[in-house]
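Heads up: the structure comes next, in structure tokens.
Read-outs: derived from the displayed coordinates by stated rules, not from any lab. None of the values given here were measured: they were computed from a predicted structure. Glycine also receives a Cβ, built like all others from the backbone with ideal geometry; neighbour counts cover every protein chain displayed.
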There are 2 protein chains.
Amino acid sequence: MYCNYKYYSMNSGRFAISVHILTLLAFADDEWNSSEYLAGSININPVLVRKELSNLRDHGLVISKEGKAGGSRLAKPSGQIFMSEVYEAVKQIDLLGKGINSPNPDCVVGRKINDHLDNLYDDAEKTLLLGLSKTSLADFCLKFA
Amino acid sequence: MYCNYKYYSMNSGRFAISVHILTLLAFADDEWNSSEYLAGSININPVLVRKELSNLRDHGLVISKEGKAGGSRLAKPSGQIFMSEVYEAVKQIDLLGKGINSPNPDCVVGRKINDHLDNLYDDAEKTLLLGLSKTSLADFCLKFA
DNA sequence: AAAACTGTAACATTTTTTATTCCAGAAATT
DNA sequence: AATTTCTGGAATAAAAAATGTTACAGTTTT
């Protein structure tokens with residue numbers, strides 16, 4: 001077995017789900033939105049929404065209120081939330097799972113390639129983040145007009 | 001179930017494996033390298049290497065020779081192969097698997113979000129490719145000096 | 001006290017990725 | 001022309017990751 005670079009976690013849904021949640025919250029303004037309601041629009045299980053909300057909360061993008069009439073809303077104006085932040089928020093978890101495995105250390109290339117790939121990935125990611133930082137959640141919401 | 005955006009396929013190894021293969025071939029110059037040898041440095045199964053070679057071949061990055069004393073080598077000088085090409089080569093297969101599923105069509109956001117996410121992803125990917133196009137395989141190999 | 005939420009843990013299912021086995025066919029070597 | 005050493009690729013298995021579900025304790029409003 002080999003390599004588990006998880007740098008580009010825009011993969012497979014979590015980023016999309018987070019953006020979807022944030023978009024709904026942006027449209028709902030000051031209201032507290034239940035995970036049930038959010039899940040209804042996204043068409044996934046409410047528990048998945050809560051998990052994602054939990055992560056967004058940890059990253060300061062949303063706040064939640066427990067108890068009856070509780071729910072979630074944006075932690076700051078949509079003009080101050082950037083896609084790069086969403087990317088970073090979603091990425092975290094994957095990064096933990098990162099496990100770089102054993103290329104052959106007797107090979108000049110194998111011995112060093114992980115470091116070099118790391119650098120390459122870091123650079124590429126910076127570029128990507130720069131691009132994503134140009135779109136705010138407010139910008140994104142405008143598209144629905 | 002929801003969303004399967006597979007745009008960012010730099011995920012989990014295939015990109016790394018392809019770069020590893022290409023780097024080995026770049027160092028080996030004109031020699032024909034067997035999948036067995038390549039697999040030895042990467043420390044994965046030779047069949048996986050052949051699959052990856054098959055893909056790289058389809059994208060004009062390597063050529064292979066069958067039969068005894070056969071193997072693979074670069075299809076062009078390493079200075080003319082860019083990381084963006086490798087990314088594109090690896091991406092293809094994932095793109096086929098792309099399946100965007102059913103957000104709630106009764107919701108203003110749900111109805112349109114996939115299109116908007118698509119655009120966002122396309123833009124981000126363009127940025128990423130631009131970044132990757134700045135590093136050639138030759139550049140990458142220099143790091144091993 | 002009841003109702004309507006969140007927050008999580010534990011578990012089940014599905015999908016994707018990675019690995020393995022096997023063999024037919026191609027070219028060099030003898 | 002038989003043998004050897006490769007590729008090419010199908011079929012299958014195993015492992016890992018992503019996604020979905022159930023269940024329930026804890027919070028706050030009514």
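Given R₀ = 45 Å, FRET efficiency for B:Arg111-A:Asp115 by Cβ-Cβ distance, to 0.05?
Using R0 = 45 Å, I get an efficiency of 0.45.
Just to be sure I understand the model, the point goes 7 Å from the Cα along the line to the Cβ. What's the resulting A:Asp30 to B:Ser102 distance in nm?
That separation, rounded to one decimal, is 3.7 nm.
Using Cα pairs closer than 8 Å and at least 6 residues apart in sequence, work out the relative contact order for the stretch A:31-145, in percent. Could you put the intermediate results ahead of the total?
Numbers: 96 pairs, mean separation 30.9, N = 115.
Relative CO of the stretch A:31-145 lands at 27 percent.
Starting from the 7 Å offset along Cα-to-Cβ, what nm value, one decimal, do you get for the label separation of A:Phe144 and B:Glu88?
Label-label distance for A:Phe144 and B:Glu88, simple model: 3.5 nm.
Inside 10 Å of the C-beta atoms of B:33-46, what's the mean count of C-beta atoms belonging to other chains? Don't jump to the answer; show the numbers that get you there.
Numbers: counts 0, 0, 0, 0, 1, 1, 1, 5, 10, 9, 10, 6, 2, 0.
That average works out to 3.
Can you list the copy-to-copy distances for B:Gly79, using a point 7 angstrom from Cα toward Cβ, in nanometres, shortest first?
From this label point to the equivalent ones elsewhere in the assembly: 5.1 nm.
Tell me which trypsin sites (Lys or Arg not before Pro) from the stretch A:18-78 have a DSSP coil assignment and no more than 10 other beta carbons within 10 Å of their own.
On the way: sites: A:Arg50, A:Lys51, A:Arg57, A:Lys65, A:Lys68, A:Arg73; in loops: A:Lys68.
Sites meeting the loop and neighbour criteria: A:Lys68.
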